[in-house]
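> After the structure tokens below, expect a handful of questions from me.
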Amino acid sequence: MITPHSHRKDEHVSLAQKFYQNQDSFNDLKFIHQGLTDLSINDIDISTKIGTIDLERPFYIEAMTGGSQRTKELNQRIAKIAAQTNLAMAVGSQSVALKDPNVIDTFKIVRQMNPDGIIFANLGAEHSLDDAKRVIDMINADALELHINTLQELIMPEGSREFQFLKNIEKLVNNIPIPIIVKEVGIGMSQSTIKRLKSVGVQFINISGTGGTNFAQIENFRRPNKDMDYLADWGLSTIESLCNTLPYQNDLTVIASGGIKSPLDVAKCLSLGSQAVGIAGFFLNQLFKKDDSQIIETVNDWIYGLKAIMLLTDSINVSDLKKSEKIFSDKLINYLKQQNLQNYIK
């Protein structure tokens with residue numbers, strides 16, 4: 001039986017392909033080529049950490065699916081690919097499994113296929129401590145992504161209209177032993193949001209900027225009159241959002257996502273202080289166009305490509321990449337000035 005919640009999951013997957021943005025804020029940043037490096041490709045270390053979690057790769061497969069038979073099959077494939085490439089991965093929102101136990105297996109399949117991998121649970125930031133513990137236990141998660149999606153909810157016909165995220169986030173952070181990553185949903189994070197999250201004890205954030213899957217367009221498409229299209233461009237880009245984290249990077253672990261389409265995009269995020277980079281839309285499109293062996297080949301190409309970029313910037317590891325020489329566009333410099341961030345850029 002297809003429930004309304006499962007149907008919505010399938011809708012989101014289908015519409016994510018339709019409403020994937022082509023804007024590229026990553027063009028606002030350029031690396032300075034270093035032609036006299038003494039490094040070799042085998043010297044490059046791309047490992048990183050999210051708190052106590054060691055990641056062999058600094059990019060991972062971001063939250064996409066689960067909650068229906070169709071998305072179970074996608075989760076199974078993603079978990080297999082993640083296991084064979086040593087990528088971490090996140091499942092889609094597990095709230096549907098809290099409402100309908102019949103779809104729990106669409107998430108559990110991930111741990112079954114990838115018993116030793118790094119897997120992130122996923123839940124809306126409004127959920128209770130008991131709900132959070134249930135979704136973590138459901139997949140034996142290494143971390144929990146708590147998504148804040150106010151814009152999506154307000155446009156969604158059946159979405160929430162009242163929000164008290166911050167108090168609830170504080171409670172969860174103080175009572176959950178594994179890392180809690182507070183994640184936006186494709187519209188970026190302001191300095192004010194970051195500061196408020198830090199004030200309640202949050203240590204891990206995923207800024208998830210614009211440029212990838214556009215949930216404002218997805219939810220507007222689902223509205224009977226499609227009458228909120230004026231919010232299609234709402235939000236901050238991934239690069240702008242990463243710049244907003246600069247004053248807080250000594251106290252917070254920053255993760256980037258939103259419109260990542262290449263190893264160069266990954267490198268640019270890492271160079272602005274992100275510890276890891278989540279990729280959803282790109283991999284979702286790969287799942288519909290290629291078989292698993294081809295996607296695994298693509299992942300390996302990305303690993304080599306990222307190492308090549310790091311060599312070209314004379315960066316032996318992710319920490320070095322943050323020190324790499326960069327050029328910022330006039331547009332981005334103007335943004336930095338208006339946000340009083342220019343002194344954080346070297």
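The values are calculated or read from the model by the stated rules, or taken from the named source; none is laboratory data. Predicted, not measured: the structure shown is a model, and the values here were computed from it. A quick note on method: Cβ atoms are made from the backbone with ideal geometry, for glycine too, and the neighbour counts reach across all protein chains shown. With ligands, DNA and RNA removed, areas are computed over all heavy atoms of the protein, side chains included. Shrake-Rupley method; radii C 1.70, N 1.55, O 1.52, S 1.80 Å.
> Would you confirm whether or not the range 210-231 contains a residue that is of a type in the set (D, E, K, R), outside any helix (DSSP H, G or I), in contact with a strand residue (DSSP E or B) (Cβ under 9 Å, 6 or more places away or on another chain) and at pLDDT below 95?
Among the residues of the range 210-231, not one is of a type in the set (D, E, K, R), outside any helix (DSSP H, G or I), in contact with a strand residue (DSSP E or B) (Cβ under 9 Å, 6 or more places away or on another chain) and at pLDDT below 95, which makes the answer no.
> Answer with yes or no whether residue 188 is open to solvent by less than 40 Å² (accessible area, probe 1.4 Å), modelled with pLDDT under 95 and closer than 30 Å to residue 299 by Cα.
The answer is no for residue 188.
> A follow-up question, please. Scan the range 51-74 for residues that are surrounded by 22 or more Cβ atoms within 10 Å (Cβ to Cβ) and in contact with a strand residue (DSSP E or B) (Cβ under 7 Å, 6 or more places away or on another chain) and report the count.
Within the range 51-74, residues that are surrounded by 22 or more Cβ atoms within 10 Å (Cβ to Cβ) and in contact with a strand residue (DSSP E or B) (Cβ under 7 Å, 6 or more places away or on another chain) number 6.
> Which of the residues spanning the range 191-209 are out of contact with any helix residue (DSSP H, G or I) (no Cβ under 8 Å at 6 or more places or on another chain) and open to solvent by less than 10 Å² (accessible area, probe 1.4 Å)?
Listed by number, the list holds a single entry, 206.
> I'd like to know if the range 89-99 contains one or more residues that are more than 18 Å from residue 148 (Cα to Cα) and open to solvent by less than 10 Å² (accessible area, probe 1.4 Å).
Scanning the range 89-99 turns up at least one residue that is more than 18 Å from residue 148 (Cα to Cα) and open to solvent by less than 10 Å² (accessible area, probe 1.4 Å).
> Identify, from the list 97, 125, 88, 79, the residue that is aliphatic (A, V, I, L, M) and in contact (Cβ under 8 Å) with a residue 60 or more places away in the chain. Please lay out each step first, then the result.
Working: 97 fails: in contact (Cβ under 8 Å) with a residue 60 or more places away in the chain; 125 fails: in contact (Cβ under 8 Å) with a residue 60 or more places away in the chain; 79 fails: in contact (Cβ under 8 Å) with a residue 60 or more places away in the chain.
Going through 97, 125, 88, 79 in turn, just one is aliphatic (A, V, I, L, M) and in contact (Cβ under 8 Å) with a residue 60 or more places away in the chain: 88.
> Sticking with this structure for a sec: Within the range 122-181, how many residues turn out to be in contact with a Lys or Arg (Cβ under 9 Å, 6 or more places away or on another chain), surrounded by 15 or more Cβ atoms within 10 Å (Cβ to Cβ) and acidic (Asp, Glu)?
Result for the range 122-181: 2.
> Continuing with this model, one more query. Which residue out of 248, 230 is surrounded by fewer than 16 Cβ atoms within 10 Å (Cβ to Cβ) and among the aromatic types (Phe, Trp, Tyr)?
Result of the check over 248, 230: 230.
Here is a yes/no grid of residues against (1) surrounded by 22 or more Cβ atoms within 10 Å (Cβ to Cβ); (2) within 30 Å of residue 80 (Cβ to Cβ); (3) among the hydroxyl-bearing types (Ser, Thr, Tyr):
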| site | (1), (2), (3) |
| --- | --- |
| 266 | yes, yes, no |
| 273 | no, no, no |
| 286 | no, yes, no |
| 291 | no, yes, no |
| 298 | no, yes, yes |
| 301 | no, yes, no |
| 317 | no, yes, no |
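> Is it true that residue 153 is free of Cβ contacts under 8 Å to residues at least 40 places away in the same chain, in a loop (DSSP other than H, G, I, E, B) and either of a type in the set (D, E, K, R) or in contact with a helix residue (DSSP H, G or I) (Cβ under 8 Å, 6 or more places away or on another chain) (or both)?
Taking the combined requirement at face value, the residue does not satisfy it.
> Just checking, which of 218, 239, 194, 180 is over 28 Å from residue 273 (Cβ atoms) and touching a residue at least 24 places away in the same chain (Cβ under 8 Å)?
Going through 218, 239, 194, 180 in turn, just one is over 28 Å from residue 273 (Cβ atoms) and touching a residue at least 24 places away in the same chain (Cβ under 8 Å): 218.
> In the range 79-88, which residues are open to solvent by less than 10 Å² (accessible area, probe 1.4 Å) and in a helix (DSSP H, G or I)?
Scanning the range 79-88 gives 79, 81, 82, 85.
A quick yes/no check of all residues on (1) part of a helix (DSSP H, G or I); (2) touching a residue at least 24 places away in the same chain (Cβ under 8 Å); (3) in contact with a Phe, Trp or Tyr (Cβ under 8 Å, 6 or more places away or on another chain); (4) β-branched (Val, Ile, Thr):
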site: 243; (1), (2), (3), (4): yes, yes, yes, no
site: 261; (1), (2), (3), (4): no, yes, yes, no
site: 268; (1), (2), (3), (4): yes, yes, yes, no
site: 288; (1), (2), (3), (4): yes, yes, no, no
site: 298; (1), (2), (3), (4): yes, no, no, yes
site: 309; (1), (2), (3), (4): yes, yes, yes, yes
site: 331; (1), (2), (3), (4): yes, yes, no, no
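> Go through the range 181-209 residue by residue and tally those that are assigned to a strand (DSSP E or B) and either over 17 Å from residue 245 (Cβ atoms) or not hydrophobic (A, V, I, L, M, F, W, C) (or both).
Final tally of qualifying residues: 3.
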